[in-house]
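I'd like to ask you about the structure that follows.
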Amino acid sequence: MRVTAEPRSMTLTMPALPTMRNLREIIHSQAIQPTFQPVVNLEDGIVKAYEALARFDESHFPSPAEAFAAAMAGGVGVELELVALERAFEYLGEMPAGAWMSANLSVEALLTPRVVATLLAHADRGIAVELTEHTQVHDYPSLIKVTEQLRAAGILIAVDDAGAGFASLSHILQLRPDIIKLDITLTRGIDVDPVRMALARSLVGFAQDIGATLIAEGVETLAEHEKLRSLGVELGQGYFMARPGPLPVRAQITY
């Protein structure tokens, strides 16, 4: 679900009929199983949030990315995103105290009234929207109007994949997010790469200056964890801390 917005040629072909039947069946029966990956304070291991991720029957779609790509190509992408959102919100009552739930949504979904209404109906439950990208944004004023409406209701706005390309930087400049997620390509090997260290350090300062929270994605080793912590990155997410799974009773990670 993470495609940068740089101009490029992209031809979407209609999925085969069995694939479309699978998608319509999933949407109709809401056959999505949410799983949750924690966002952890790198200093003390306390979980601050859980990112909701959609999982599908692997006999239909080998990966969630393929399911959402097929749905987008078939013209039912927003419908599938809405089902994933509704299924994730069924678990809001099980969230550990003090942690927020983060849900991924495309620009197309955020500009859809039914999706906005669903978000607003749960605005007091501690949620964040992570903006993902399928297509280039042509109407930032309309998108900003929606994100400001959500923020006014208490919903956090996050920009995903910061540093991965022009799209994420445009989102940051236009949307002034509450949360910035450092892309996995910048996190990977940051303990041995001075350039990655320098960029992360600059983003720490930038986030502090605009009052945003910085989250490093894709933390997979102790060395990466420790380097990010030393650079001033407050929160992290990745296999080193925990893989996606069910919501735990205890919201703290020990290494």
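May I ask for the angle, rounded to the nearest 10°, between helix 166-175 and the longest principal axis of the chain, with both axes built from Cα atoms and the value confined to 0 to 90°?
90 degrees
Now, a different point. Expressed as an acute angle from 0 to 90° and rounded to the nearest 10, what is the orientation of the C-alpha long axis of helix 77-89 relative to the principal long axis of the chain?
Orientation of helix 77-89: about 60 degrees from the principal axis.
When the helices in the chain are scored as -39500 (n - 2.57) per DSSP H run of 4 or longer and the sum is shared across all residues, what 222 nm value do you end up with, to the nearest 500 deg cm²/dmol?
-12000 deg cm²/dmol
Tell me which lysines have Cα within less than 21 Å of residue 227's Cα, excluding those fewer than 8 residues away on the same chain?
48, 181
What angle, in degrees between 0 and 90 and rounded to the nearest 10, separates the Cα long axis of helix 222-231 from the longest principal axis of the Cα atoms of the chain?
70 degrees
Something else about it: List every residue whose amide H lies under 5 Å from the amide H of residue 46, counting only residues 5 or more places away in sequence or on a different chain, with H placed 1.01 Å from N in the peptide plane.
Excluding prolines and chain starts, which carry no amide H, the hits are 41, 253.
Just need the relative contact order of segment 48-140 here, percent rounded to a whole number, with Cα pairs under 8 Å and 6+ apart.
Taking the mean separation of contacting Cα pairs over the length of segment 48-140, I get 31 percent.
For the chain, modelled as a Gaussian network with Cα springs under 10 Å, which listed residue fluctuates most, 99, 117, 158?
Highest fluctuation of the listed residues: 117.
All of the numbers you see were taken from the coordinates with simple rules; none came from a lab. Everything numeric in this text was worked out from a predicted model, so none of it was measured.
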